[in-house]
Amino acid sequence: MKTQVAIIGAGPSGLLLGQLLQRAGIDNVILERRSGEYVLSRIRAGVLEQGMVDLLREAGVDRRMDKEGLPHDGVELAFDNRRVRVDLAAHTGGKQVMVYGQTEVTRDLMEAREAEGGQTLYEVDNVQPHDLDSDAPYVTFEQSGETRRLDCDYIAGCDGFHGVSRQSIPAERLKTFERVYPFGWLGLLSDTPPVSDELIYARHERGFALCSMRSQTRSRYYVQVPLEEKVEDWSDERFWDELRRRLPEDVAANLVTGPSLEKSIAPLRSFVVEPMQYGRLFLVGDAAHIVPPTGAKGLNLAASDVNTLYRLMLKVYREGRTDLVPRYSQTCLKRVWKAERFSWWMTSILHKFSEEEDFGARMQQAELDYVTGSEAGLTTIAENYVGLPYEPLED
């Protein structure tokens, strides 16, 4: 087999890259070790930045998003039993975020790829990139017990934190930056109407809470829990009771509860690896960086990597600009670190870090009082939340 761009991983970043390349006439093949049904079963984020929404439109997969997605002009911060609304549109020249589940994005991309004849190979084993620092890289994999080879010009590693792509780069070529947080998020999905029209991020003496949604009839809620907690110890009743305690009284009074469709605990970490490329292999999304979900940046940051790599491939195949290839990592990392900063900041001011009312807790209080009482502070939150501009490949 031969293609121009081999894409490892059929999550939303791999599918989005494949769809954009396909529409531009750049041949690509996606390799995925799981089944398509498994990929669609993952419950993930649902807040899309303005830039990702625009990129999905460019990829031609906006029809259902525009019909079913929920545009949001604002977001709320709750603390001291009160709520402060951050008017995103007013502070960013009209920009919004779109609430539309990652599962739905993935489904739209899968259907578009199939309709346009893109090739995705699911349930392939032992995927391994080779000769990454040569002019002729290739990928081997096993399918139905047979070893196959895919020759290509470039390889996009869209296979996540635990994938083979980053592991294929010599360890001495990479530098890792990481912070692991001493807590996780216990999340519950339910077919109940959201408690608010907009997301609510709540700081409370018992710990952080988030009120989110997937649609007008499906809600997603989270509470901060210690890392050692187990999902099976949390009945639905216990979860709803704890969530109510952490919300402002007027919000808690309007909370509609119901049976959980899914419950899980996600640990929080900040992680970046530099550089994000080695030879003709490019790391995309979680393969190169992880952010705590507090800033709603994980999927969106993967989309900005896709945007950079897509623009780069256009330059390479349409203009012969192979001189731009080494710029992928430095271009992506400019935005990655800004998103890491915002996610770290949101995590730092909203979560409970100590059982005591200590210096850190007082700093959280002072920070929230300041930023929510300042136009400059509200603008900073809004600009970062809707997503900073994508970095250009060329200055």
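Read-outs: derived from the displayed coordinates by stated rules, not from any lab. Because the structure is a prediction, the values reported are computed rather than measured. Heads up, the Cβs are rebuilt from the backbone with ideal geometry, glycines too, and the neighbour counts pull from every protein chain shown.
Anyone know which of 318, 166, 85 comes out most mobile in the 10 Å Cα GNM of the chain?
For the chain, modelled as a Gaussian network with Cα springs under 10 Å, the answer is 318.
Along the charge dipole of the range 209-296, Cβ charges K/R +1 and D/E -1, which of 261, 211, 278 sits furthest on the positive end?
Comparing the listed Cα positions along the dipole, 278 ranks first.
In nm, to one decimal, how far is the residue 319 label point from the residue 262 one, both placed 7 Å along Cα→Cβ?
Distance between the two pseudo-spin positions: 4.1 nm.
Measuring from centroid to centroid over Cα atoms, what is the spacing of the range 284-306 and the range 363-379 in Å?
What the calculation gives is 25 Å, centre to centre.
Debye sum, Cα scatterers, the range 270-325, no solvent: what log₁₀ I/I(0) at q = 0.18, 0.20, 0.22 1/Å?
Listed by q, the Debye log ratios stand at -0.65, -0.75, -0.85.
Whole angstrom only: what separates the Cα centroid of the range 18-87 from the Cα centroid of the range 188-229?
Going from one Cα centre to the other spans 19 Å.
How much length is gained if the chain between residue 233 and residue 334 is pulled fully straight, taking 0.36 nm per residue apart and subtracting their Cα-Cα distance, in nm to one decimal? Numbers along the way, then the final one.
Values: separation 101, 0.36 × 101 = 36.36 nm, distance 4.14 nm.
The residue 233-residue 334 span can extend by a further 32.2 nm.
Using a cut-off of 20 Å between alpha-carbon atoms, which lysines can reach residue 230, once sequence neighbours fewer than 8 places away in the same chain are excluded?
Straight-line reach from residue 230, under 20 Å: 263, 352.
Using +1 at the C-beta of Lys and Arg and -1 at the C-beta of Asp and Glu, which of 308, 184, 50 has the Cα lying farthest in the positive direction of the dipole of the chain?
So the residue we want is 308.
Given axes a ≥ b ≥ c from the Cα gyration tensor, I'd like to know whether the range 142-251 is rounded (a/c under 1.5), prolate (a/b larger than b/c) or oblate.
On the way: a/c = 2.68, a/b = 2.07, b/c = 1.30.
Here the range 142-251 falls in the prolate category.
Separation between the residue 147 and residue 161 pseudo-spin-labels, each 7 Å from Cα along Cα→Cβ, expressed in nm?
In this crude spin-label approximation the distance works out to 3.2 nm.
Taking 0.36 nm per residue of separation and subtracting the Cα-Cα distance, what length does fully extending residue 34 through residue 173 add?
Working: separation 139, 0.36 × 139 = 50.04 nm, distance 2.89 nm.
Working it through step by step, the gained length comes to 47.2 nm.
Which value, in nm² and rounded to one decimal, describes the direction-averaged projected area of the C-alpha convex hull of the range 70-216?
On the way: hull surface 59.3 nm².
In nm², the orientation-averaged hull projection of the range 70-216 is 14.8.
Give me the compactness ratio for the range 343-395, meaning the Cα radius of gyration over 2.2 N^0.38 Å.
Numbers: Rg = 14.7 Å, N = 53, 2.2 N^0.38 = 9.9 Å.
Scaled against compact globular proteins, the figure is 1.48.
Can I get the semi-axes of the range 22-109's equivalent ellipsoid? Compute them from the C-alpha gyration tensor as square roots of 5 times the eigenvalues, in angstrom, largest first.
Values: eigenvalues 191, 63, 20 Å².
Over the Cα atoms of the range 22-109, the ellipsoid semi-axes are 31, 18, 10 Å.
If you place +1 on the Cβ of every Lys and Arg, -1 on the Cβ of every Asp and Glu, and leave all else neutral, what size is the dipole of the chain about its Cα centre, to the nearest 20 Debye?
380 debye
Based on the alpha carbon coordinates of the range 94-164, what radius of gyration and maximum Cα-Cα distance (Dmax) apply, in Å?
16.1, 53
Computed over the Cα atoms of the chain, what is the convex hull's projected area averaged over all directions, in nm²?
On the way: hull surface 79.7 nm².
So the mean shadow area of the Cα hull is 19.9 nm².
Mean Kyte-Doolittle of at least -1.0 plus a Cα span of 15 Å or more along the axis: flag which DSSP H helices in the chain meet both, please. Walk me through the numbers on the way to the answer.
Values: long enough: 12-23 (16 Å, 0.36); 102-115 (20 Å, -1.03); 236-246 (16 Å, -2.39); 298-319 (31 Å, 0.07); 328-350 (33 Å, -0.27); 359-372 (20 Å, -0.33); 375-386 (16 Å, 0.21).
For the chain, where a helix must reach 15 Å along its axis and average at least -1.0, the hits are 12-23, 298-319, 328-350, 359-372, 375-386.
If you look at just the Cα atoms of the range 6-160, how large are its Rg and its Dmax in Å?
Considering the range 6-160 through its Cα atoms, Rg and Dmax are 18.8, 61 Å.
Restricting things to alpha carbons, find the Rg to Rh ratio for the range 247-395 using the Kirkwood radius for Rh.
Values: Rg = 19.5 Å, Rh = 18.1 Å.
For the range 247-395, the value is 1.08.
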